[in-house]
Structures are given as C-alpha cells and as structure tokens.
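Reviewing the structure listed below.
The values are calculated or read from the model by the stated rules, or taken from the named source; none is laboratory data. In this text the structure is predicted, and so the values were computed from the model without any measurement. Here the Cβ is made from the backbone with ideal geometry for all residues, glycine too, and neighbour counts use every protein chain on show. Quick note on the areas: whole protein, heavy atoms, side chains included, nothing else; ligands and nucleic acids left out. Shrake-Rupley method; radii C 1.70, N 1.55, O 1.52, S 1.80 Å.
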Amino acid sequence: MHRMKILCAAACLSAALGMGAAVMAQDATPDPDVPLVTQNVGLSEQVDIYGRTIQVALGELVNASDVPYANIALEATVYDADDEIIGEGLGFLNDACGAGLLPNYLFTVGHIQDFSIPLELYEDDAFIDRVEIEVTGDRAGFTLPPAPLPDGITRISDQEVVTVEWQGADSLRYAIGCPRDLSAEWKYRQYNLQTDVDRALVNPYAPLINDELRTRLNLADPLIYDNSRLSFAPNGARLVFQDAVNRLYTAALDGRLQRQALGGMNSYSLQSIQWVNDSRFIATYFGAVGDPALYFTGNAEGIAISPPARNNRPSVILPGASSDARRVVIAGTFSTSAGQNLTGYYIHVVTNGFFELLFEAQPPGLNYPQPVPILDPEEDIVNLIYIARPVDGMPMLQCYDRDRDVLTDLAPLPLTLADGDRSGLFLSPDQSTLALTATGANGGLWTIDLAALPSCTG
C-alpha cells in the first residue's frame, strides 16, 4: 500500500452561522486525479465534551477512485477574507450518528461517507471566509470482491438506512440517517423494484413541521423537540410524539386534538415508533446495549391496543408486531405453562394476555431486525413468522411455521452489525418481498424476493 495526500477544493463558507445549523458550501469539483472528493461541506456550531461551543466542518467524502482506501484522515485550514490562516482542525470519517469510524475502516469504491472536523480558531471572534480540507489515506491495493449475495437478495444502497415505507408491491421509500434523529431530518430516496430506478426525494415530513405545530405540541424547546420521536402516520392523518416527561401522545397534523396514549415512562428511553399499518404502531423502549426492550402498541387516535409498556414482558430482541398490532413476537427466558424456564421466541397476544413459546433458540441482541409476524386476516391468526438471527455464527433469515412447528433456514443475510447498530425487516403489502435495512459502518438496504427462497410451509 502507498499513502496518498489529496488537497480538496476550498469551501467558501457563508458568514451567518446559526446555533446547530449547517451552512452549505461550494462542493469540490470531481477530478480523476483527485480520488477522494469532498461534497456538501458546511459549518455547524456544536458543543464539545467540555461544554464549549465550537465550529465544526461537516460534509461527505466520496471515493471516486477505482480502489478502496483505509486510514482516512482529514485536516482543515481555516482562512479569513484577507487570506490569513485563522484556525485549523483534524477530523475523521463518522457514521450517521457522528461516531468516528475505526482507522482500518475500508472506504470502498464509489462509497459516500460523512466526515467531521472540529475547528480550533486562533481568535474567538474570528470571521471564517473559507476552509481548505486536505485528505490523506492508504490505497488498499488488491482486495477480494464482495461475496455474492444469495439468489433473491439484491443490494439497493450502501448508505445507513433507518426505515422503509412500502408504497405498493413494487415501490418503496427509504430513509438514510441516524436512528436517534427525527424523521424530518433524514434523507429520503425512492426505489422501484420493476424499473430498478433509485432516486432522491424531498423529505416528505420536514414541511409538516413549523413553529406553530411545535408550540401546540409543547416542543418549542430544542432539547424537548429532539427527544420527542415525532412520527407521522402513513395514512397522513395524525402524528405521535412524546412530551418532556416521556408521556406518549397522538395529535392531528396541526397539533390539535391531542390524546395521551401512554404515561409513566419518564425513566425509559423511547427508541423507535414503527408503523405496522397505516394507523397502528409499536413503540419500543430500551436504554444501553444489553438492556431488555419494553413495548407498547396503539393507534394514531391515541387508543391503547396493548397493556402499558411496563406491564409487558421485556424482550432481549427488538419486538415485532403484526399488522393489527395485537400480536407481538419477543425473545427471552420465560416460564412456560409447564413450569420450565426456557430461552427462545414467544408470541404475545396483547389484547387477551395469551403467551406461548414458539421455539427454543438463543436470540441475538437488539441490533438485529425485529421478527415479522404474518397475519392471516381470514383466520385472524398468526401462523407464519419471519426471523433474522445468527445460526452457527452467520446471520440467517428463517421462517417459523406454527401449524407444523417447523423452523426453516431461508438464506444467509448480508449483515455485519456492531452492538450499537440498528437493522430492520419490512414486508411489502402483497407479502412477496422483505426489505432489509442496517445502519452503521456496514449499513445498507437490500430487497429479499421471498419466492426465490425455500418454501416456509412445506
């Protein structure tokens, strides 16, 4: 390997810098002689670990070369309008949540990755005119091609995909970003399975949020707003959010007609609200890695479907709810009707308390996708469940047939998950395709054609 140094084009930065607001800058011009290219460069005011407000250069790095790179480092030089150097900074590649990637992270060909450069200004009142960014990295040289995907699995994106919203059997909208951020802050794209067209979208939720709405929801304070988990129902009629003390509410899109759905969660962290149909959702609560997850299901009108979250058995995996939000599949060690403590996957019918062991297995952690219970609307029962879990150390998609009590391996999954990563499975409306998402350094979006996999029902 040899080391290459690249001087990226100067970023001409706007003068007015609001607290926490990124200011867009001129992108670097692609150049075949400059294999690592910055784009979407801007400045943000952030608070560092010492409580100081500092300027940070944020942007994206593109590997425009024909080889991967490793050991990426970024160095910024800050200039004023008189072309005098007024500051400097050392930066790094980071994930969508701002966590730095390891130095040996392999920056693959064509990949786009976020970067962050904290700036140290020589004078507190210095006026930034532009920033020049120098990128260094090691060419990885010969690398093995990625392992081929199993039949039926197609990679759509190599970005950190947070969630998927199916818009019919052949089209899906997906969001890229940090799971801790609100949906109004994510980048959205749309993919068509028939035409294989993947295109950028304007964020559909950002225009719905304004000062009047935040005031009505008592979310005017930035910290309370950032913690609100504000989420919009796919049917476009109502929204869900939590208040300053983590009470869960629903409301009309203009903030009126608020109804409390869940209280008593002031000491719990709401991690996600997943819509399982146009108006029903499952809210999942957990804290640090290794903590069990609590869950609650309800609808956009503010009507509880399940008991309160603290009254439900905790799960060591992300709980997965059926489309009616009445059945939830969890995992852990629980006492069965025979008085045995067995570790495995269980189904909980939240409307009547029914709780049954599905099968014994060692479950993964909360970074793995949630189970997908398939509701038979005619029989009003869940007989088929899709599950992602490690089998002999390999992430595997499985299906469980309750009628036959058979667990079938369908295909190995292209997942490489750290403890803090998140992933998910999302079923198309015609139940023919699963969308698999993952965040973190190895994030992405894949579609899984279920007809190309082994049969689940024999």
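The set of residues from segment 102-128 being closer than 18 Å to Pro35 by Cβ and in a loop (DSSP other than H, G, I, E, B) comprises Tyr105, Leu106, Thr108, Val109, Gly110, His111. Filtering segment 131-144 to residues that are in a strand (DSSP E or B) and open to solvent by 40 Å² or more (accessible area, probe 1.4 Å) leaves Glu132, Glu134, Arg139. Residues that are under 29 Å from Asp449 (Cβ atoms) number at least 2 in the following strands (runs of 3 or more DSSP E) confined to segment 163-242: 171-176, 187-192, 197-201.
Residue check: Glu84 meets all listed conditions (1) under 25 Å from Asn104 (Cβ atoms); (2) open to solvent by 50 Å² or more (accessible area, probe 1.4 Å); (3) modelled with pLDDT of 90 or more but one, namely (1).
Looking at Leu425, Leu397, Leu434, Leu366, just one residue is under 30 Å from Pro146 (Cβ atoms), within 20 Å of the chain's Cα centre (by Cα) and either at pLDDT below 95 or part of a loop (DSSP other than H, G, I, E, B) (or both), and that residue is Leu366.
In segment 60-77, of all residues being part of a strand (DSSP E or B) and open to solvent by 10 Å² or more (accessible area, probe 1.4 Å), the one that is farthest from Ala99 (Cα to Cα) corresponds to Thr77.
Flag: Thr343 does not match the condition of being surrounded by fewer than 16 Cβ atoms within 10 Å (Cβ to Cβ) and in contact (Cβ under 8 Å) with a residue 24 or more places away in the chain. Residues of segment 177-223 that are of a type in the set (Ser, Thr, Tyr), under 19 Å from Arg155 (Cα atoms) and surrounded by 11 or more Cβ atoms within 10 Å (Cβ to Cβ): Tyr188, Tyr191. The residue that is farthest from Phe127 (Cα to Cα), counting only those in segment 51-81 that are modelled with pLDDT of 90 or more and of a type in the set (D, E, K, R), is Glu60. What number of residues within segment 245-284 are open to solvent by less than 50 Å² (accessible area, probe 1.4 Å), out of contact with any helix residue (DSSP H, G or I) (no Cβ under 6 Å at 6 or more places or on another chain) and part of a loop (DSSP other than H, G, I, E, B)? Result for segment 245-284: 6.
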